[in-house]
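Chemist: I'd like to ask you about the structure that follows.
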Amino acid sequence: MIDESTDRANSKRLLIYSQYLTKTDVQTSLLSNVEITESCGTSQLLVDKIRKELDSHTINIKNLVGMSTDGASVMTGRKNGVVVKLREHSPGLISVHCSAHRCALAASQAASTIPQLEEYSRTLSSIFFFFSQSAPRTNRMKYIQKVLEQPQLKYAEFHSVMVKLSKCCISSIQDIPCTCHGYAR
């Protein structure tokens, strides 16, 4: 899986996960967390970074068989996307739109049609930023929790909440019986 992200220092990152077979099972590992210092993350730049990381881990690019992305056009573009460029080196490469990203996209699109959910999302984001930007506010919140004899809860960044919601969504989907093309999941 390949995904672009921005860290807390507002630095653009390229995350590369690898899934591979061992003699006994399937393993998934974070292969690389690479900073993108260039102002524009073009598909060629991303392919160059991916190839460099594969080379540094002695992984032959021809061994790539599948790739999961967020579905962004820079990744999946038909003419110039990362997948198209990687297929020049690994013609059998299969590209999949990440189910967590699809679920998050569907949830945000559905929420945007319900004004109350949009307002709820804005309120949660505002609360997070109100507290996360100030140590005195955070300390005051902890004090209030203590006075009210409430657990010392930590606030989560909106992105981490979306990741947890996506995992719940995926596990719910996996619980649905499926017999696609005669094969049970």
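Quick note: the coordinates plus some simple rules give every number you see, no bench work behind them. Everything numeric in this text was worked out from a predicted model, so none of it was measured. Because the Cβ atoms are built from the backbone with ideal geometry, glycine has one as well, and the counts that use them run over all protein chains shown.
Chemist: Under a crude label model (7 Å from the Cα following the beta-carbon direction), how far is V96 from E38 in nanometres?
Modeler: Rounded to a tenth, the inter-label distance reads 2.9 nm.
Chemist: While we're here: How far apart, in nm, are two points set 7 Å out from the Cα along the Cα-to-Cβ line at T28 and at A72?
Modeler: A separation of 2.0 nm, rounded to one decimal place.
Chemist: Starting from the Kirkwood Rh over alpha-carbon pairs, what translational D in µm² s⁻¹ does the stretch 2-97 have by Stokes-Einstein at 25 °C and 0.890 mPa s?
Modeler: 176
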